[in-house]
Amino acid sequence: LVYGETAHRAEGVGSEEVGAATTPTVLRLSWSADVWKNEALPLVRLHQVRYRLTNAGSDREWCALPPFERACTLESPDVIHEVPVVGPRFWIGGEYEVEVRVGATLRWGPWSAPARFSLALPPPVVPAPSGFEVERVELEDGAVFFRIKWHAFRVHPLASVAYYRIRMLRVTRYKYATRISDSMAERSRASLEAQGRWHVIAYLRKPVPRVVGAECVPDDASEPSELLEYTYDVAAAPDCAYRFVVDARHEQCDELRPQAEGEAWSEGLESEEMVTPPLAKNWFVPAQVPLEVSPLASGSLALRAAFPICLGEDSVQRLGVASHQLLQYHDHQGDPQQDGQQHEGSHHHCLDSAAVLIFAPWKSSCEPSRWPHRVEYAPYVPKANGFRLPL
């Protein structure tokens, strides 16, 4: 088995653009004819090749190629003949026997003893050392990319192109990920199960240089292979753990492999878990909102927030509002000095104790209602409390 002339594959049907090069495999046969010394006898000029598949389950019937002419003399009895290894004559993954015979004008000689050759194509082999590493790249704006490096796999001599598959596993690792409630876990079941699956993020096609006419033999494993690199340039989510796996297969597939077994991928290189840092600023940390307080003509106080707010009767009762101090909440813009009279829809109540107002969009909007959320406040000692205090 030798490498034939390099061919270029067009990128599309009818396209004139030249795509990646591929190197076909050629079966090179050589034999010597036993030429008669009597020059009066007919010359040996006819040659024929036949082959058969010997894999288990094959019919093992001989398939003869068309005869061809090439005169053999006492001075040059040797013949070299090349047969392209392509379908439907030959199938990748098969084991074959081949025989030849020679003949004169009137009759053929016997078939030669069979010579065997294999088109078995096992997956690529992980090199040693693999040089596999994953580097975290932080950009100026805080985004995090991952740069993956590895040495090229050992490709089988029959293959001229290797496909690399890069997969990723992302798992949430934020501080309270293990303390979600049962109802939230049930609602997030689909997304949590997706975190246990590997997702393909890239395929890389890497041609392997071959020398035309050279014999198909394995490469020298003692020499280091080429160092390959891929950058996963999708900004990583904060507080998440990432793992990457790189494996490979040949572009040529085992055509005798059962479809139920799927594609033949190599062993994979798997990285260690890399956890991205949390956000530099926690946007959900509560902060006090400045309130405007001004006296009214009636002697009461008018309290106005920087954002529209109106407490309903149910909220007032739930917060324990009493008559200790009169506060007025307005949901409109106006002059506090002109608000001496009670407006319809305004609420005159006072707080018997301090209350916390939390902006909770998941209570009033459809889309945020599907957000995972929980409200915690200090002190929070699970062992001492034994249960969560509602807020």
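The values are calculated or read from the model by the stated rules, or taken from the named source; none is laboratory data. What you are looking at is a predicted structure, and each value in this text was computed from that prediction instead of being measured. A quick note on method: Cβ atoms are made from the backbone with ideal geometry, for glycine too, and the neighbour counts reach across all protein chains shown. Side chains are part of the model used for accessible areas, which takes the heavy atoms of the whole protein and leaves out ligands, DNA and RNA. Shrake-Rupley method; radii C 1.70, N 1.55, O 1.52, S 1.80 Å.
Among the residues of the stretch 235-253, is there at least one that is open to solvent by 40 Å² or more (accessible area, probe 1.4 Å), without any contact (Cβ under 8 Å) to a residue 60 or more places away in the chain and polar (S, T, N, Q)? There is no residue in the stretch 235-253 that is open to solvent by 40 Å² or more (accessible area, probe 1.4 Å), without any contact (Cβ under 8 Å) to a residue 60 or more places away in the chain and polar (S, T, N, Q).
Of all the listed residues (ALA159, ALA128), the sole one being of a type in the set (Gly, Ala, Ser), part of a loop (DSSP other than H, G, I, E, B) and surrounded by fewer than 14 Cβ atoms within 10 Å (Cβ to Cβ) is ALA128. Taken together, the residues in the stretch 164-192 that are more than 15 Å from CYS240 (Cα to Cα) and not hydrophobic (A, V, I, L, M, F, W, C) amount to 11. GLY142 fulfils the conditions (1) open to solvent by less than 80 Å² (accessible area, probe 1.4 Å); (2) within 43 Å of the chain's Cα centre (by Cα); (3) at pLDDT 90 or above except for a single criterion, (3).
Each residue in the stretch 66-114 was checked for being of a type outside the set (A, V, I, L, M), open to solvent by less than 60 Å² (accessible area, probe 1.4 Å) and assigned to a strand (DSSP E or B), and 8 of them qualify. Once the stretch 162-211 is narrowed to residues that are within 13 Å of GLU251 (Cβ to Cβ) and of a type in the set (Phe, Trp, Tyr), the residue that is most open to solvent (accessible area, probe 1.4 Å) is TYR203. Of the residues making up the stretch 49-65, those that are outside any strand (DSSP E or B), at negative phi and open to solvent by 60 Å² or more (accessible area, probe 1.4 Å) are ALA56, ASP59, GLU61, TRP62.
If you go through the stretch 9-40 and keep only what is at pLDDT below 50 and either of a type outside the set (A, V, I, L, M) or open to solvent by 90 Å² or more (accessible area, probe 1.4 Å) (or both), you end up with ARG9, GLU11, GLY12, VAL13, GLY14, SER15, GLU16, GLU17, VAL18, GLY19. MET184 meets each of the listed conditions (1) under 26 Å from the mean Cα position of the chain (by Cα); (2) not in a strand (DSSP E or B) apart from (1). The condition of being within 28 Å of GLY131 (Cβ to Cβ) and within 22 Å of the chain's Cα centre (by Cα) holds for GLU251. Given the structure, is LEU121 open to solvent by less than 30 Å² (accessible area, probe 1.4 Å), more than 19 Å from the chain's Cα centre (by Cα) and within 21 Å of GLU267 (Cα to Cα)? For LEU121, the condition - open to solvent by less than 30 Å² (accessible area, probe 1.4 Å), more than 19 Å from the chain's Cα centre (by Cα) and within 21 Å of GLU267 (Cα to Cα) - is met.
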